[in-house]
1. Only residues in the stretch 165-183 that are assigned by TED's automatic domain parsing to the domain that holds Asp196 count as the first member; pair them with residues that are hydroxyl-bearing (Ser, Thr, Tyr) and surrounded by 12 or more Cβ atoms within 10 Å (Cβ to Cβ), Cβ under 9 angstrom, at least 6 apart or cross-chain, and list the lot.
2. Is at least one residue of the stretch 117-138 in contact (Cβ under 8 Å) with a residue 12 or more places away in the chain and of a type in the set (Asp, Glu)?
3. Return yes when Leu118 is outside any loop (DSSP other than H, G, I, E, B) and at pLDDT below 90 and no when it is not.
4. Has the stretch 104-118 got at least one residue that is open to solvent by 90 Å² or more (accessible area, probe 1.4 Å), closer than 25 Å to Arg238 by Cα and within 27 Å of the chain's Cα centre (by Cα)?
5. When the stretch 19-55 is examined, which residues are found to be open to solvent by less than 40 Å² (accessible area, probe 1.4 Å) and either under 12 Å from Val85 (Cβ atoms) or more than 16 Å from the ligand (Cβ to nearest atom) (or both)?
6. Applying the selection to the stretch 229-246, what residues are more than 6 Å from the ligand (Cβ to nearest atom) and crowded, with 16+ Cβ neighbours inside 10 Å?
7. Taking the stretch 224-248 as the region of interest, how many residues are within 29 Å of Gly74 (Cα to Cα) and in contact with a helix residue (DSSP H, G or I) (Cβ under 6 Å, 6 or more places away or on another chain)?
Amino acid sequence: LASLRSTATRTEGGWLLNGQKTWSSRSSFADWAFGLFRSDRDAQRHKGITYFMFDLRSPGVTVRPIAQLDGEPGFAELFLENVFVPDDPANPAESGVIGEVNNGWRVAMSTAANERGLSLRAPGRFLATTDRLVDLWKRNRTEVPAAADVDRRVADAWIGSRAYELSTYQTVSRLAAGGQLGMESSINKVFWSQWDIAAQETALDLQGTDAEIADEWTDGYLFSLSGPIYAGTNEIQRNVIAERLLGLPRGDR
Ligand SMILES: Cc1cc2nc3c(=O)[nH]c(=O)nc-3n(C[C@H](O)[C@H](O)[C@H](O)COP(=O)(O)OP(=O)(O)OC[C@H]3O[C@@H](n4cnc5c(N)ncnc54)[C@H](O)[C@@H]3O)c2cc1C
(Lines give C-alpha, C1' and ligand atoms only; values in the text may rest on other atoms or scores of the structure.)
Protein backbone atom coordinates (compact mmCIF):
# COMPACT_ATOMS: atom_id res chain seq x y z
CA LEU A 1 0.00 0.00 0.00
CA ALA A 2 2.80 2.39 0.83
CA SER A 3 3.97 2.20 -2.78
CA LEU A 4 0.74 3.86 -3.97
CA ARG A 5 1.06 6.25 -6.91
CA SER A 6 -2.09 8.39 -6.70
CA THR A 7 -1.14 11.98 -6.00
CA ALA A 8 -2.39 15.08 -4.22
CA THR A 9 -1.05 18.45 -5.39
CA ARG A 10 -1.58 21.73 -3.56
CA THR A 11 -3.72 24.30 -5.28
CA GLU A 12 -5.54 27.47 -4.27
CA GLY A 13 -7.90 26.60 -1.35
CA GLY A 14 -7.21 22.89 -1.36
CA TRP A 15 -5.77 19.98 -3.33
CA LEU A 16 -6.05 18.35 -6.73
CA LEU A 17 -6.28 14.56 -6.63
CA ASN A 18 -5.13 12.35 -9.50
CA GLY A 19 -5.01 8.58 -9.77
CA GLN A 20 -6.98 5.41 -9.58
CA LYS A 21 -8.40 3.15 -6.89
CA THR A 22 -9.92 -0.27 -7.41
CA TRP A 23 -12.10 -2.63 -5.35
CA SER A 24 -13.78 0.29 -3.68
CA SER A 25 -16.68 -1.39 -1.83
CA ARG A 26 -20.10 0.21 -2.32
CA SER A 27 -18.72 3.13 -4.30
CA SER A 28 -21.01 2.26 -7.23
CA PHE A 29 -23.78 3.91 -5.21
CA ALA A 30 -22.01 5.80 -2.39
CA ASP A 31 -21.83 9.61 -2.13
CA TRP A 32 -18.33 9.81 -0.62
CA ALA A 33 -15.12 7.86 -0.78
CA PHE A 34 -11.80 8.02 1.02
CA GLY A 35 -8.35 7.30 -0.24
CA LEU A 36 -4.66 7.70 0.37
CA PHE A 37 -2.69 10.04 -1.90
CA ARG A 38 1.00 10.83 -2.10
CA SER A 39 1.24 14.49 -1.12
CA ASP A 40 5.03 14.73 -0.78
CA ARG A 41 6.89 12.88 -3.53
CA ASP A 42 10.28 13.35 -1.89
CA ALA A 43 9.34 11.78 1.45
CA GLN A 44 10.09 8.16 2.39
CA ARG A 45 7.49 5.49 1.53
CA HIS A 46 5.24 5.66 4.61
CA LYS A 47 5.62 9.39 4.98
CA GLY A 48 4.29 12.04 2.61
CA ILE A 49 0.90 10.32 2.26
CA THR A 50 -2.36 12.13 3.05
CA TYR A 51 -5.80 10.65 3.75
CA PHE A 52 -8.63 12.41 1.90
CA MET A 53 -12.40 12.23 1.76
CA PHE A 54 -13.83 13.22 -1.59
CA ASP A 55 -17.29 13.67 -3.06
CA LEU A 56 -17.89 11.01 -5.72
CA ARG A 57 -19.95 13.53 -7.72
CA SER A 58 -17.10 16.04 -7.99
CA PRO A 59 -15.98 17.00 -11.51
CA GLY A 60 -13.12 14.71 -12.59
CA VAL A 61 -14.39 11.59 -10.78
CA THR A 62 -15.32 8.57 -12.92
CA VAL A 63 -16.99 5.65 -11.13
CA ARG A 64 -16.79 2.42 -13.10
CA PRO A 65 -18.91 -0.31 -11.41
CA ILE A 66 -17.48 -3.86 -11.33
CA ALA A 67 -20.05 -6.67 -11.55
CA GLN A 68 -19.50 -9.55 -9.12
CA LEU A 69 -20.15 -13.25 -9.79
CA ASP A 70 -23.77 -12.71 -8.77
CA GLY A 71 -24.08 -9.76 -11.18
CA GLU A 72 -24.39 -7.13 -8.41
CA PRO A 73 -22.13 -4.07 -8.77
CA GLY A 74 -20.79 -4.31 -5.23
CA PHE A 75 -17.54 -2.58 -6.15
CA ALA A 76 -16.30 0.10 -8.43
CA GLU A 77 -13.04 1.26 -9.83
CA LEU A 78 -12.53 5.00 -9.29
CA PHE A 79 -10.60 7.28 -11.64
CA LEU A 80 -9.65 10.76 -10.47
CA GLU A 81 -8.51 13.51 -12.79
CA ASN A 82 -7.73 16.86 -11.14
CA VAL A 83 -10.45 16.37 -8.55
CA PHE A 84 -10.60 19.41 -6.29
CA VAL A 85 -10.81 18.79 -2.53
CA PRO A 86 -11.13 21.84 -0.28
CA ASP A 87 -8.58 22.38 2.49
CA ASP A 88 -8.62 26.00 3.57
CA PRO A 89 -7.36 26.92 7.07
CA ALA A 90 -10.06 29.63 7.15
CA ASN A 91 -12.77 26.95 6.83
CA PRO A 92 -11.55 23.75 8.53
CA ALA A 93 -15.07 22.23 8.71
CA GLU A 94 -15.10 21.87 4.91
CA SER A 95 -11.64 20.34 4.66
CA GLY A 96 -11.37 16.99 2.89
CA VAL A 97 -8.15 16.12 4.74
CA ILE A 98 -8.61 13.54 7.51
CA GLY A 99 -5.95 13.89 10.19
CA GLU A 100 -2.86 15.85 9.26
CA VAL A 101 -1.32 16.48 5.86
CA ASN A 102 1.47 13.92 5.18
CA ASN A 103 0.35 11.82 8.15
CA GLY A 104 -2.18 9.68 6.27
CA TRP A 105 -0.39 6.40 6.96
CA ARG A 106 -1.19 6.75 10.65
CA VAL A 107 -4.86 7.48 9.88
CA ALA A 108 -4.99 4.49 7.51
CA MET A 109 -3.56 2.15 10.16
CA SER A 110 -6.19 3.36 12.60
CA THR A 111 -8.94 2.81 10.00
CA ALA A 112 -7.64 -0.69 9.31
CA ALA A 113 -7.45 -1.58 13.02
CA ASN A 114 -11.06 -0.43 13.50
CA GLU A 115 -12.18 -2.33 10.44
CA ARG A 116 -10.54 -5.58 11.52
CA GLY A 117 -11.02 -5.23 15.23
CA LEU A 118 -14.46 -3.73 15.65
CA SER A 119 -16.58 -2.07 13.02
CA LEU A 120 -16.65 -4.25 9.91
CA ARG A 121 -18.31 -7.38 11.24
CA ALA A 122 -20.86 -6.76 13.99
CA PRO A 123 -21.61 -9.74 16.26
CA GLY A 124 -25.31 -9.43 15.35
CA ARG A 125 -24.50 -10.69 11.89
CA PHE A 126 -23.04 -13.90 13.28
CA LEU A 127 -25.65 -14.34 16.01
CA ALA A 128 -28.41 -14.11 13.37
CA THR A 129 -26.58 -16.59 11.12
CA THR A 130 -26.25 -18.95 14.10
CA ASP A 131 -30.00 -18.77 14.81
CA ARG A 132 -30.74 -19.69 11.19
CA LEU A 133 -28.13 -22.45 11.32
CA VAL A 134 -29.64 -23.96 14.47
CA ASP A 135 -33.12 -23.91 12.84
CA LEU A 136 -31.71 -25.67 9.80
CA TRP A 137 -29.96 -28.22 12.02
CA LYS A 138 -33.20 -28.97 13.91
CA ARG A 139 -35.00 -29.60 10.63
CA ASN A 140 -32.33 -31.57 8.77
CA ARG A 141 -29.92 -33.16 11.26
CA THR A 142 -31.33 -36.69 10.98
CA GLU A 143 -30.86 -36.72 7.21
CA VAL A 144 -27.17 -35.82 7.25
CA PRO A 145 -24.54 -38.61 7.30
CA ALA A 146 -22.75 -38.91 10.66
CA ALA A 147 -19.41 -38.32 8.95
CA ALA A 148 -20.44 -34.72 8.29
CA ASP A 149 -20.17 -34.18 12.08
CA VAL A 150 -22.83 -31.45 11.98
CA ASP A 151 -23.78 -31.59 15.70
CA ARG A 152 -20.27 -30.58 16.71
CA ARG A 153 -19.95 -27.99 13.94
CA VAL A 154 -23.25 -26.31 14.83
CA ALA A 155 -22.20 -26.24 18.50
CA ASP A 156 -18.86 -24.71 17.46
CA ALA A 157 -20.66 -22.02 15.46
CA TRP A 158 -22.94 -21.25 18.41
CA ILE A 159 -20.02 -21.01 20.86
CA GLY A 160 -17.95 -18.96 18.40
CA SER A 161 -20.70 -16.40 17.78
CA ARG A 162 -21.28 -15.90 21.52
CA ALA A 163 -17.55 -15.69 22.20
CA TYR A 164 -17.27 -13.09 19.44
CA GLU A 165 -20.10 -11.06 20.98
CA LEU A 166 -18.42 -11.10 24.40
CA SER A 167 -15.05 -10.24 22.91
CA THR A 168 -16.65 -7.27 21.09
CA TYR A 169 -18.20 -6.04 24.35
CA GLN A 170 -14.78 -6.28 25.94
CA THR A 171 -13.17 -4.27 23.12
CA VAL A 172 -15.89 -1.60 23.26
CA SER A 173 -15.53 -1.33 27.05
CA ARG A 174 -11.79 -0.95 26.66
CA LEU A 175 -12.22 1.82 24.07
CA ALA A 176 -14.87 3.57 26.20
CA ALA A 177 -12.33 3.61 29.04
CA GLY A 178 -9.82 5.42 26.80
CA GLY A 179 -7.99 2.39 25.38
CA GLN A 180 -6.96 1.92 21.76
CA LEU A 181 -7.19 -0.81 19.19
CA GLY A 182 -3.88 -2.36 18.28
CA MET A 183 -2.35 -5.36 16.54
CA GLU A 184 -4.77 -7.71 18.31
CA SER A 185 -7.29 -6.60 15.66
CA SER A 186 -5.51 -9.03 13.33
CA ILE A 187 -6.52 -11.97 15.57
CA ASN A 188 -10.09 -10.73 15.50
CA LYS A 189 -10.08 -10.52 11.71
CA VAL A 190 -8.74 -14.05 11.22
CA PHE A 191 -11.34 -15.31 13.72
CA TRP A 192 -14.44 -13.72 12.15
CA SER A 193 -13.47 -14.57 8.58
CA GLN A 194 -12.82 -18.23 9.44
CA TRP A 195 -15.94 -18.47 11.60
CA ASP A 196 -18.07 -17.26 8.70
CA ILE A 197 -16.74 -19.82 6.20
CA ALA A 198 -17.12 -22.69 8.70
CA ALA A 199 -20.73 -21.72 9.54
CA GLN A 200 -21.70 -21.32 5.89
CA GLU A 201 -20.12 -24.67 4.95
CA THR A 202 -22.01 -26.35 7.79
CA ALA A 203 -25.26 -24.87 6.46
CA LEU A 204 -24.53 -26.23 2.98
CA ASP A 205 -23.74 -29.69 4.39
CA LEU A 206 -27.00 -29.66 6.35
CA GLN A 207 -28.90 -29.17 3.09
CA GLY A 208 -27.12 -31.86 1.06
CA THR A 209 -27.73 -31.55 -2.67
CA ASP A 210 -30.58 -29.05 -2.03
CA ALA A 211 -27.89 -26.51 -1.08
CA GLU A 212 -27.25 -25.78 -4.74
CA ILE A 213 -30.70 -24.28 -5.16
CA ALA A 214 -31.00 -22.58 -1.75
CA ASP A 215 -30.11 -19.00 -2.68
CA GLU A 216 -29.90 -17.47 0.78
CA TRP A 217 -27.15 -19.80 2.00
CA THR A 218 -25.35 -19.99 -1.34
CA ASP A 219 -24.98 -16.20 -1.43
CA GLY A 220 -23.72 -16.21 2.15
CA TYR A 221 -21.24 -18.97 1.36
CA LEU A 222 -19.87 -17.22 -1.73
CA PHE A 223 -19.46 -13.96 0.16
CA SER A 224 -17.80 -15.68 3.11
CA LEU A 225 -15.02 -16.85 0.78
CA SER A 226 -13.93 -13.23 0.33
CA GLY A 227 -13.55 -12.75 4.12
CA PRO A 228 -9.93 -13.99 4.24
CA ILE A 229 -9.09 -11.48 1.46
CA TYR A 230 -10.69 -8.13 2.29
CA ALA A 231 -9.60 -5.92 5.19
CA GLY A 232 -6.08 -7.29 4.67
CA THR A 233 -5.54 -10.95 3.74
CA ASN A 234 -5.35 -13.53 6.50
CA GLU A 235 -1.81 -14.47 5.43
CA ILE A 236 -0.71 -10.91 6.15
CA GLN A 237 -2.67 -10.88 9.42
CA ARG A 238 -0.88 -14.07 10.49
CA ASN A 239 2.44 -12.42 9.73
CA VAL A 240 1.38 -9.48 11.92
CA ILE A 241 0.33 -11.83 14.74
CA ALA A 242 3.54 -13.86 14.48
CA GLU A 243 6.02 -11.01 14.16
CA ARG A 244 4.50 -8.10 16.03
CA LEU A 245 2.37 -9.76 18.70
CA LEU A 246 4.34 -12.96 19.38
CA GLY A 247 7.75 -11.56 18.49
CA LEU A 248 8.64 -14.51 16.24
CA PRO A 249 11.41 -14.07 13.68
CA ARG A 250 10.47 -13.00 10.16
CA GLY A 251 10.04 -15.88 7.72
CA ASP A 252 11.60 -16.01 4.27
CA ARG A 253 9.90 -13.62 1.86
C1 LIG B 1 -15.10 -8.30 -0.85
C2 LIG B 1 -13.91 -7.37 -0.99
C3 LIG B 1 -14.04 -6.01 -0.68
C4 LIG B 1 -12.96 -5.12 -0.83
N5 LIG B 1 -13.16 -3.79 -0.57
C6 LIG B 1 -12.14 -2.92 -0.73
C7 LIG B 1 -12.32 -1.51 -0.52
O8 LIG B 1 -13.41 -1.04 -0.19
N9 LIG B 1 -11.27 -0.69 -0.70
C10 LIG B 1 -10.05 -1.15 -1.09
O11 LIG B 1 -9.12 -0.37 -1.23
N12 LIG B 1 -9.85 -2.48 -1.31
C13 LIG B 1 -10.86 -3.36 -1.15
N14 LIG B 1 -10.65 -4.70 -1.41
C15 LIG B 1 -9.34 -5.13 -1.87
C16 LIG B 1 -8.57 -5.85 -0.75
O17 LIG B 1 -8.18 -4.92 0.25
C18 LIG B 1 -7.36 -6.55 -1.38
O19 LIG B 1 -7.84 -7.49 -2.32
C20 LIG B 1 -6.53 -7.25 -0.32
O21 LIG B 1 -5.93 -6.35 0.57
C22 LIG B 1 -5.43 -8.12 -0.93
O23 LIG B 1 -4.64 -7.36 -1.78
P24 LIG B 1 -4.40 -7.87 -3.27
O25 LIG B 1 -5.73 -8.25 -3.86
O26 LIG B 1 -3.57 -6.84 -3.93
O27 LIG B 1 -3.60 -9.23 -3.10
P28 LIG B 1 -2.04 -9.39 -3.04
O29 LIG B 1 -1.47 -8.44 -2.01
O30 LIG B 1 -1.49 -9.38 -4.42
O31 LIG B 1 -1.95 -10.85 -2.43
C32 LIG B 1 -2.12 -12.03 -3.23
C33 LIG B 1 -1.90 -13.24 -2.35
O34 LIG B 1 -0.55 -13.24 -1.84
C35 LIG B 1 -0.54 -13.28 -0.43
N36 LIG B 1 0.54 -12.43 0.08
C37 LIG B 1 0.87 -11.17 -0.35
N38 LIG B 1 1.91 -10.69 0.37
C39 LIG B 1 2.23 -11.65 1.28
C40 LIG B 1 3.21 -11.75 2.32
N41 LIG B 1 4.05 -10.74 2.58
N42 LIG B 1 3.21 -12.87 3.06
C43 LIG B 1 2.35 -13.90 2.83
N44 LIG B 1 1.41 -13.86 1.85
C45 LIG B 1 1.36 -12.76 1.10
C46 LIG B 1 -1.89 -12.72 -0.01
O47 LIG B 1 -2.25 -13.17 1.28
C48 LIG B 1 -2.80 -13.26 -1.10
O49 LIG B 1 -3.19 -14.57 -0.81
C50 LIG B 1 -11.71 -5.61 -1.28
C51 LIG B 1 -11.56 -6.97 -1.59
C52 LIG B 1 -12.64 -7.85 -1.46
C53 LIG B 1 -12.44 -9.31 -1.81
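The values are calculated or read from the model by the stated rules, or taken from the named source; none is laboratory data. If you're wondering where the values come from, they're calculated on a predicted model, not measured in any experiment. We place every Cβ from the backbone using ideal geometry, glycine too, and count neighbours over all the protein chains shown. Heavy atoms of the whole protein, side chains included, go into the accessibility calculation; ligands, DNA and RNA do not. Shrake-Rupley method; radii C 1.70, N 1.55, O 1.52, S 1.80 Å.
1. Pairs that qualify, where the first residue is assigned by TED's automatic domain parsing to the domain that holds Asp196 and the partner is hydroxyl-bearing (Ser, Thr, Tyr) and surrounded by 12 or more Cβ atoms within 10 Å (Cβ to Cβ), are Thr171/Ser185; Gly179/Thr171; Gln180/Ser110; Leu181/Ser110; Leu181/Thr171.
2. Just the residues of the stretch 117-138 that are in contact (Cβ under 8 Å) with a residue 12 or more places away in the chain, to begin with: 117-118, 120-123, 126-127, 129-130, 132-134, 136-137.
Cutting the leftovers down to of a type in the set (Asp, Glu) gives us none.
The answer is no, given that none of the residues of the stretch 117-138 is in contact (Cβ under 8 Å) with a residue 12 or more places away in the chain and of a type in the set (Asp, Glu).
3. yes
4. In the first step, residues of the stretch 104-118 are kept if they are open to solvent by 90 Å² or more (accessible area, probe 1.4 Å); the result is 106.
Adding the requirement that they be closer than 25 Å to Arg238 by Cα leaves 106.
From the residues that got through so far, the ones that are within 27 Å of the chain's Cα centre (by Cα) too are 106.
Yes, the stretch 104-118 contains a residue that is open to solvent by 90 Å² or more (accessible area, probe 1.4 Å), closer than 25 Å to Arg238 by Cα and within 27 Å of the chain's Cα centre (by Cα).
5. Correct list: Ala33, Gly35, Phe37, Ser39, Ala43, Gly48, Thr50, Tyr51, Phe52, Phe54.
6. Going through the stretch 229-246, the residues more than 6 Å from the ligand (Cβ to nearest atom) turn out to be 231, 234, 237-238, 240-246.
Result: Ala231, Asn234, Gln237, Val240, Ile241.
7. Total satisfying the criteria: 7.
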